[in-house]
Amino acid sequence: MAAGSAALPVSAQGYPVKPVRMIIPFSAGGAADVPGRIVTQKLAEVLRQQVVVENRPGAGSTIGADLAAKAAPDGYTVFMISNTHFVSAALHKKLAYDSLNDFTPVTQITSAPNVMVVHPSLPAKSVKELIALAKARPGQIDYASSGNGSTQHLTGALFANMAGIKMTHIPYRGSGPVTADLLGGQVQLAFPGIAGMLPHIKSGRLRPLGVTGSKRSPELPNVPTIAEAGVKGYEMVAWFGVSGPKGLPRDIQMKLHGDLLSVLKTPEMGRSLQAVGQEPAWQDSPEKFFDFLKVESAKWAKVVQASGAAID
């Protein structure tokens, strides 16, 4: 089991004695990169050693994941893992690594729900009204996403599946074009991240119907969760965490876990992450994080299968 591996005679005493590389498998400056850099900067202060971010975007995070899986398990390469890691594992028929067992879990670091937003021209002011409208017009309501197999796509696919409705998926290349067409009314519905939607919600240009997490968002306290609003059991959140290559020594795994928790539990970190639409999240042990990853792996495999999405 990856969570408890301690195969190499490397000690956390004195670790780290040189810069640590953090592989982030997304583009610099993007919604996924920013929270990772916020946490990494504070981790470097605790470690008293430089932590160098290396962005390796592409292929649904699989390029960065492959690089991390092949790195030496000495504590000097760590990897920012996310739900995209397991979405890609379900989408691709074959990868060069095992998405669960070729990594050593450390801890989750952030969590963030998305928000279901509609253009005001759509005559639905609640999740229940949207479901009723979709049932009356099967396949006639479009929902946009940042791409086939993206978290936004699968968030919408799961909603449609659990609500017993049929909607038409419109894939875009990235979140920017989704927002532009949503504001223009070319598409009617989407499930984007909360942070980027707040100005448009406050201005009335978009209407929020529900958040995708298990609890209401502090940024949108008057907007119910989708589960609250009528789709019981529905929950989808974007999350990020830290893992190392398979074989990371136990004492280094535990040091990184403890140092990350000391960073995540500070009020300052809570404020910094909230400013970018995230909130701190962690597990009390690497084993609990590994349990979380197993659940996520199984969940996304089911969602991808239900959506019919696949990449050869």
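The values are calculated or read from the model by the stated rules, or taken from the named source; none is laboratory data. Quick caveat: nothing in here was measured; it's all calculated off a predicted structure. Heads up, the Cβs are rebuilt from the backbone with ideal geometry, glycines too, and the neighbour counts pull from every protein chain shown.
Among the numbered conditions (1) modelled with pLDDT of 95 or more; (2) touching a Leu at 6+ places or on another chain (Cβ under 8 Å), tell me where SER88 comes up short.
With (1) modelled with pLDDT of 95 or more; (2) touching a Leu at 6+ places or on another chain (Cβ under 8 Å) applied to SER88, the lone miss is (1).
Can you tell me which residue within the stretch 269-312, out of those that are part of a loop (DSSP other than H, G, I, E, B) and over 15 Å from the mean Cα position of the chain (by Cα), is surrounded by the fewest Cβ atoms within 10 Å (Cβ to Cβ)?
Restricting to residues being part of a loop (DSSP other than H, G, I, E, B) and over 15 Å from the mean Cα position of the chain (by Cα), the top hit is ASP312.
For the stretch 227-265, how many residues are farther than 30 Å from ALA157 by Cβ and without any contact (Cβ under 8 Å) to a residue 60 or more places away in the chain?
2
If I ask for residues that are among the β-branched types (Val, Ile, Thr) and either surrounded by fewer than 20 Cβ atoms within 10 Å (Cβ to Cβ) or on the phi > 0 side of the Ramachandran plot (or both), which ones from the stretch 166-197 would you list?
THR168, ILE170
Among the residues that make up the stretch 198-213, is at least one of them of a type outside the set (Lys, Arg), modelled with pLDDT under 95 and surrounded by 16 or more Cβ atoms within 10 Å (Cβ to Cβ)? Break it down into steps so the answer makes sense when it comes.
The initial filter retains those residues of the stretch 198-213 that are of a type outside the set (Lys, Arg), namely 198-201, 203-204, 206, 208-213.
Still in the running and modelled with pLDDT under 95: 198-199, 213.
Subset that is surrounded by 16 or more Cβ atoms within 10 Å (Cβ to Cβ): 198, 213.
Within the stretch 198-213, one or more residues are of a type outside the set (Lys, Arg), modelled with pLDDT under 95 and surrounded by 16 or more Cβ atoms within 10 Å (Cβ to Cβ).
Restricting attention to the stretch 126-152, report how many residues are touching a strand residue (DSSP E or B) at 6+ places or on another chain (Cβ under 9 Å) and either more than 15 Å from ASN114 (Cα to Cα) or not β-branched (Val, Ile, Thr) (or both).
Restricting attention to the stretch 126-152, the residues satisfying the condition of being touching a strand residue (DSSP E or B) at 6+ places or on another chain (Cβ under 9 Å) are 126-127, 129-130, 139-152.
Add one more test, that the residue is either more than 15 Å from ASN114 (Cα to Cα) or not β-branched (Val, Ile, Thr) (or both), and what stays is 126, 129-130, 139-150, 152.
The qualifying residues number 16.
Being among the hydroxyl-bearing types (Ser, Thr, Tyr) and crowded, with 20+ Cβ neighbours inside 10 Å is the requirement here; does SER243 meet it?
The answer is yes for SER243.
Which residues, counting only those in the stretch 6-26, are modelled with pLDDT under 85 and among the hydroxyl-bearing types (Ser, Thr, Tyr)?
Result: SER11, single match.
Has the stretch 120-133 got at least one residue that is in contact with a His (Cβ under 7 Å, 6 or more places away or on another chain) and without any contact (Cβ under 8 Å) to a residue 40 or more places away in the chain? First the steps, then the outcome.
Going through the stretch 120-133, the residues in contact with a His (Cβ under 7 Å, 6 or more places away or on another chain) turn out to be none.
No, that holds for no residue.
Looking for whichever is closer than 25 Å to ASN161 by Cβ and among the hydroxyl-bearing types (Ser, Thr, Tyr) here; the options are THR104, THR84. Which one fits?
Going through THR104, THR84 in turn, just one is closer than 25 Å to ASN161 by Cβ and among the hydroxyl-bearing types (Ser, Thr, Tyr): THR84.
Restricted to the stretch 95-131, and to residues that are outside the structural domain of ASP251 (by TED's automatic domain parsing) and loosely packed, with under 14 Cβ neighbours inside 10 Å, which residue is nearest to LYS215 (Cα to Cα)?
LYS125
In the stretch 69-116, how many are closer than 16 Å to TRP300 by Cβ, among the aliphatic types (A, V, I, L, M) and in a strand (DSSP E or B)?
Of the residues in the stretch 69-116, 1 are closer than 16 Å to TRP300 by Cβ, among the aliphatic types (A, V, I, L, M) and in a strand (DSSP E or B).
I need the full set of residues from the stretch 125-157 which are within 14 Å of GLY185 (Cα to Cα) and either in a helix (DSSP H, G or I) or of a type outside the set (Ser, Thr, Tyr) (or both), in order please.
ILE141, ASP142, ALA144
Any residue in the stretch 159-182 that is in a strand (DSSP E or B), within 19 Å of GLY213 (Cα to Cα) and in contact (Cβ under 8 Å) with a residue 24 or more places away in the chain?
Scanning the stretch 159-182 turns up no residue that is in a strand (DSSP E or B), within 19 Å of GLY213 (Cα to Cα) and in contact (Cβ under 8 Å) with a residue 24 or more places away in the chain.
Which condition from (1) modelled with pLDDT of 95 or more; (2) on the phi > 0 side of the Ramachandran plot; (3) surrounded by fewer than 19 Cβ atoms within 10 Å (Cβ to Cβ) is the one that GLY139 breaks?
Condition (1) is where GLY139 drops out.
Considering (1) at pLDDT 90 or above; (2) crowded, with 18+ Cβ neighbours inside 10 Å, say which one ALA3 fails and leave the rest.
For ALA3, the failing item is (1).
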